[in-house]
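Chemist: Can you keep this structure in mind? I'll have questions shortly.
The values are calculated or read from the model by the stated rules, or taken from the named source; none is laboratory data. In this text, all values refer to a predicted model and were calculated from it rather than measured experimentally. Using ideal geometry, Cβ is built from the backbone for each residue, glycine included, and neighbour counts are taken over all protein chains shown. Ligands, DNA and RNA are stripped out before the accessible areas are found, and what is left, the full protein with its side chains, is counted by its heavy atoms. Shrake-Rupley method; radii C 1.70, N 1.55, O 1.52, S 1.80 Å.
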Amino acid sequence: GTAGYDGIACPATSTCYAVGFAPGTKNEAALVEAWNGSRWSLMTVPNPVSTSDDRLSGAAAATTTSCVVVGNYENESGVGKVIAEKLSGTTWSVQSGANAAGARLSELQAVACASANYCIAVGESVTGSNPEKTLGEIWNGTSWKLTTTLNAG
C-alpha cells in the first residue's frame, strides 16, 4: 500500500515527529514516526474509528515529550471529521476536536503550539454543495473550540 508524510515537528535536534498516512483497514491509517537523531521508529497512534480512512497532516511539538498532531478521518457515515491527538510522554491519545456544524467535511491541516496548553489548528470545512471554507480551532489545554475565521474572496 501507499504511505507518505504530510507534516513534521522538531522540538530538538534529536527529536522529530513526522505525520501522514499508511495502509489501513479501509484506505489510510494515521501515521506517526519519531526521529531520535539517528533513525526513525514507528509510534503507536490510535485511530478514532478502526475502519475509517485516517490521515494526519500537521504536527507541533512544544517539548520533546509533548506534541499535538491534527488531520481528518472519515466516520462510518462517510462524513469527514477532524482528528486531534496529543503526545504525553510516550503515549498518544485522541482529543475531541471540534467540527463545523452540518459539514460533510471538516479537516485540520496545520497546527502551531505556543505551549503544551495553547495550540491553534487550521484547515477547511465543506457544507452541502458550498465551496470550501476556512476552519480554525484553539486548544486551551482541556478542549478544542472552534474560532471564527475569515473567508477571503
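Chemist: Please go through the range 134-144 and pick out each residue that is assigned to a strand (DSSP E or B) and either among the β-branched types (Val, Ile, Thr) or under 12 Å from Ala101 (Cα atoms) (or both).
Modeler: Matches in the range 134-144: Thr134, Leu135, Ile138.
Chemist: Do we find that Ser93 is out of contact with any His (no Cβ under 9 Å at 6 or more places or on another chain) and at pLDDT below 90 in this structure?
Modeler: no
Chemist: Filter the range 58-77 down to residues that are over 19 Å from Thr142 (Cα atoms) and either open to solvent by 40 Å² or more (accessible area, probe 1.4 Å) or not in a loop (DSSP other than H, G, I, E, B) (or both), then give me how many there are.
Modeler: Matching residues across the range 58-77 total 7.
Chemist: Turning to a different aspect of this structure: Considering Pro131, Pro48, which residue is farther than 19 Å from Ala18 by Cβ, assigned to a loop (DSSP other than H, G, I, E, B) and out of contact with any strand residue (DSSP E or B) (no Cβ under 8 Å at 6 or more places or on another chain)?
Modeler: Pro131
Chemist: Which is within 22 Å of Gly123 (Cα to Cα), among the hydroxyl-bearing types (Ser, Thr, Tyr) and in contact (Cβ under 8 Å) with a residue 60 or more places away in the chain, of Tyr17, Tyr73?
Modeler: Going through Tyr17, Tyr73 in turn, just one is within 22 Å of Gly123 (Cα to Cα), among the hydroxyl-bearing types (Ser, Thr, Tyr) and in contact (Cβ under 8 Å) with a residue 60 or more places away in the chain: Tyr17.
Chemist: Assuming Arg39 fulfils every condition listed in (1) buried (at least 20 other Cβ atoms within 10 Å of the Cβ); (2) modelled with pLDDT of 95 or more apart from one, which condition is it?
Modeler: So the condition that Arg39 fails would be (1).
Chemist: Filter the range 78-99 for residues that are in contact with a strand residue (DSSP E or B) (Cβ under 9 Å, 6 or more places away or on another chain) and more than 24 Å from Ala114 (Cα to Cα); which is surrounded by the fewest Cβ atoms within 10 Å (Cβ to Cβ)?
Modeler: It comes out as Val79.
Chemist: Could you count how many residues in the range 20-37 are without any contact (Cβ under 8 Å) to a residue 24 or more places away in the chain and out of contact with any Phe, Trp or Tyr (no Cβ under 7 Å at 6 or more places or on another chain)?
Modeler: 3
Chemist: Another question, if that's okay. Considering only the range 118-133, state which residues are more than 13 Å from Val68 (Cα to Cα) and either in contact with a Leu (Cβ under 6 Å, 6 or more places away or on another chain) or open to solvent by less than 60 Å² (accessible area, probe 1.4 Å) (or both).
Modeler: Selection gives Gly123, Glu124, Ser125, Val126, Thr127, Gly128.
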